[in-house]
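Have a look at the structure below, then the notes.
None of the figures in this text is laboratory data; all of them are computed from the coordinates on show. Since the model is a prediction, treat every value here as computed from it, not as a measurement. Note: ideal-geometry Cβ built from the backbone for every residue, glycine included; neighbour counts use all protein chains shown.
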Amino acid sequence: MHVIYGGTFDPIHHGHLRLALEISDRLSVNQVSLVPCHIPPHRGDTGATSEQRWKLLELAVADEPQLRVDDRELRRAGASYTADTLRQLRHELGPDAPLAMVVGTDAFAGFDRWQEWQQIPDLAHIIVVRRPGPGLDPDGEPSRMLAKRAVRDVRLLHNQPGGLMLELDPPLLDISATGIRERIGDGRSPRYLVPDSVWREIRRLGLYGACPGGNF
Ligand code: ATP
């Protein structure tokens with residue numbers, strides 16, 4: 001099964017990386033693809049450019065064969081719509097290959113505002129990862145869709161190309177990219193929240209207000 005995990009990754013941090021590995025283990029797949037979005041349609045400007053975020057991701061997964069970076073959204077002009085990405089992958093993988101996308105409950109709560117959201121479940125399975133916070137509105141469209149398509153047995157996902165949803169509740173690290181950007185902007189170290197190679201590159205490029213070339 002091909003599994004993608006999309007996000008802004010501004011910057012990638014250990015919360016994302018741990019989750020990607022947990023997903024890979026729990027779904028019994030060899031690899032999870034991290035897909036940084038180019039122009040996030042649902043948020044404002046990013047702290048780093050697309051290319052800088054991609055470079056940080058490459059550094060973060062460099063020594064981990066279970067993770068890879070898929071830069072297809074960065075190579076596409078315009079906004080990054082998940083439906084387009086899944087359609088492209090479906091075309092590459094063929095009609096029968098199982099394909100799944102990972103999304104946190106925070107992002108899934110607004111699923112019915114995504115471009116072509118009603119088509120997305122037919123293109124891929126959706127893995128919804130429970131995150132702390134208000135959760136899903138029980139009367140909302142995302143909840144209804146989840147109730148209709150949810151399965152408990154991971155193995156079912158491997159037997160069909162898409163259409164199913166699976167809720168996972170893995171242990172999560174309480175780290176956010178927003179917190180990291182704020183910390184760096186305040187002159188505090190984000191060490192141990194991001195890989196050292198990522199922090200080194202953030203400083204080298206002077207991202208998020210980091211002092212270029214500064215020490216740990
Ligand atoms: P920001 O603080 O800028 O909103 P973020 O840290 O939430 O960023 P995103 O790039 O927006 O990161 O998130 C990409 C995906 O990763 C989303 O599906 C989100 O739910 C999930 N995610 C973010 N932080 C964590 C974490 N600590 N553990 C697990 N999943 C996370």
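General remarks:
- Where only alpha carbons of the range 139-205 are counted, the Rg and the Dmax (Å): 19.2, 50
- Put simply, the amide H of Val102, placed in the peptide plane, has neighbours under 5 Å in Ile4, Tyr5, Gly6, Ile127, leaving out anything fewer than 5 places away on its chain.
- One chain, two ends: Arg188 and Arg87. Fully extended at 0.36 nm per residue, the span grows by 32.2 nm beyond their Cα-Cα distance.
- The per residue volume of the convex hull around the alpha-carbon atoms of the chain is 118 Å³.
- Cβ-Cβ FRET estimate between Asn30 and Glu167, R0 fixed at 22 Å, reported to 0.05: 0.45
- The chain, helix-only ellipticity at 222 nm - DSSP H runs n ≥ 4, -39,500 (n - 2.57), divided by all residues, nearest 500: -10000 deg cm²/dmol
- With K and R counted +1 and D and E -1, the other residues having a Cβ less than 12 Å from that of Val103 yield a net charge of 0.
- Rg/Rh, computed from the Cα trace of the range 1-127 with Rh as the Kirkwood radius, has the value 0.93.
- Modelled spin labels at Lys148 and Gln119, positioned 7 Å past Cα toward Cβ, are 1.7 nm from each other.
- Fully extending the segment from Arg75 to Arg204 would add 44.0 nm, taking 0.36 nm per residue of separation and subtracting the current Cα-Cα distance.
- Local electrostatic count, Val198, Cβ distance below 12 Å [Lys/Arg +1, Asp/Glu -1]: +2
- In this structure, Glu22 and Cys211 have a Cβ-Cβ separation that, at R0 = 25 Å, corresponds to a calculated FRET efficiency of about 0.15.
- Per-residue Cβ neighbour rank within 10 angstrom, fewest leading, Thr178, Thr49, Thr82: Thr178, Thr49, Thr82
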